[in-house]
Amino acid sequence: MLRFKNLGSGSAGNATLVEAHCGAQVSRVLIDCGLSVRELNKRLVQADLSIEDIDAVFITHEHADHVGHARAFAQRTGAQVWMSRGTALACDLDQWGLESGQFQVARDGQAIEVGALQLNPFTVPHDAREPLQLRCTDGDVHLGVLTDLGHGSAHVVQALKACNALLLECNHDPELLANSSYPGFLKKRIAGPQGHLSNLESAELARALLHPQLNLIVAAHLSERNNRPDLAQAVLSQAAGCSAQEIEVADPLTGTGWYQVH
């Protein structure tokens, strides 16, 4: 069984828990750690878990809302830390004080085994040093996690083909972003090919990934100023051929409940 729970998705901090069951074995990986250890533990307790239940953390890239509290988490738990070499350099990982063997290098196209859970990293176009996103599987079903990228490249589409569920960035509505109070350079960065997906771009990517066994799409990383859940749901539902209510949305502050991947 494969299931996941987003713990927070937005500029205030990102973290997603992925869990695989194989008989009596349960394996858990935290994707990104932009929440303080105290807040992370608080949200895990609400799911009858604690930070000690996490086997590893995977850091997608070095931006603070994804890696800001990973050092404290790693030092507190001793869990393995996976990230690309470029992300490690950008994070100055040598100063983290990790135990020998705690840091593991993640690479595009090289599968990572964490107990019953397999992670398959792939590179994405984003304004970071060596960003990676993930395809997660228990061997039977597949979850695609895609929360920070500027456009859906052919490599991204190939990496996420035939997924059963997607946690998909819907960062902004182009009109809301254009009319926002953000300075021009920031608008250009967000809307650019190395920035973040708009609702329309997310819908195009979802359409490219559609197949009969894709039965769950969760919109994530919505800008609190430049997007609204109903806008993301409307565009994604049109692409997926379903009702707007069937598109789930990760709350920036509280995340989501548990979703089992079928």
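The values are calculated or read from the model by the stated rules, or taken from the named source; none is laboratory data. Since this is a predicted model, take the numbers as computed values, not measurements. Note that we place each Cβ from the backbone using ideal geometry, even for glycine, and neighbour counts take in every protein chain shown.
Of all residues in the range 1-47, which are surrounded by fewer than 21 Cβ atoms within 10 Å (Cβ to Cβ), among the hydroxyl-bearing types (Ser, Thr, Tyr) and out of contact with any helix residue (DSSP H, G or I) (no Cβ under 6 Å at 6 or more places or on another chain)?
Ser27, Ser36
Which condition number in (1) within 25 Å of Leu2 (Cβ to Cβ); (2) exposed (fewer than 15 other Cβ atoms within 10 Å of the Cβ); (3) touching a helix residue (DSSP H, G or I) at 6+ places or on another chain (Cβ under 9 Å) is the one that Leu222 fails?
For Leu222, the exception is condition (2).
So for the range 101-124 (the condition being at pLDDT below 95 and surrounded by fewer than 19 Cβ atoms within 10 Å (Cβ to Cβ)), does at least one residue qualify?
Checked the range 101-124: at least one residue is at pLDDT below 95 and surrounded by fewer than 19 Cβ atoms within 10 Å (Cβ to Cβ).
From the list Ala72, Ala128, Ala47, exactly one residue is of a type outside the set (D, E, K, R) and in a helix (DSSP H, G or I). Which is it? Show your work before the answer.
On the way: Ala128 fails: in a helix (DSSP H, G or I); Ala47 fails: in a helix (DSSP H, G or I).
Every option except Ala72 fails the conditions.
Kindly list, by first and then second residue, each pair from a residue in the range 210-235 that is within 22 Å of Leu143 (Cβ to Cβ) to a residue that is basic (Lys, Arg), limited to pairs with Cβ atoms under 9 Å and residues at least 6 apart or on different chains.
Note: pairs meeting the criteria are His211/Lys161; Leu222/Arg228.
Mind listing whichever residues of the range 75-99 are more than 16 Å from the chain's Cα centre (by Cα), surrounded by 18 or more Cβ atoms within 10 Å (Cβ to Cβ) and assigned to a helix (DSSP H, G or I)?
Listed by number, the residues that qualify are Thr77, Ala88, Ala90, Leu93.
With the condition kept exactly as written, say whether any residue in the range 22-41 is touching a Lys or Arg at 6+ places or on another chain (Cβ under 6 Å) and more than 10 Å from His69 (Cα to Cα). Explain how you work it out, then say what you get.
Residues of the range 22-41 that are touching a Lys or Arg at 6+ places or on another chain (Cβ under 6 Å), as a first pass: 37.
This time we only want the ones that are more than 10 Å from His69 (Cα to Cα), so: none.
So far as the range 22-41 goes, no, none of its residues is touching a Lys or Arg at 6+ places or on another chain (Cβ under 6 Å) and more than 10 Å from His69 (Cα to Cα).
I need a count of the residues in the range 151-193 that are polar (S, T, N, Q), surrounded by 15 or more Cβ atoms within 10 Å (Cβ to Cβ) and more than 24 Å from Asn6 (Cα to Cα).
Residues in the range 151-193 being polar (S, T, N, Q), surrounded by 15 or more Cβ atoms within 10 Å (Cβ to Cβ) and more than 24 Å from Asn6 (Cα to Cα): 2 in total.
If I ask for residues that are touching a residue at least 40 places away in the same chain (Cβ under 8 Å), of a type outside the set (S, T, N, Q) and assigned to a strand (DSSP E or B), which ones from the range 16-44 would you list?
Correct list: Val18, Glu19, Ala20, His21, Cys22, Val26, Arg28, Val29, Leu30, Ile31.
Mind checking which residues of the range 50-62 are part of a loop (DSSP other than H, G, I, E, B), out of contact with any His (no Cβ under 6 Å at 6 or more places or on another chain), buried (at least 21 other Cβ atoms within 10 Å of the Cβ) and not aliphatic (A, V, I, L, M)?
His61, Glu62
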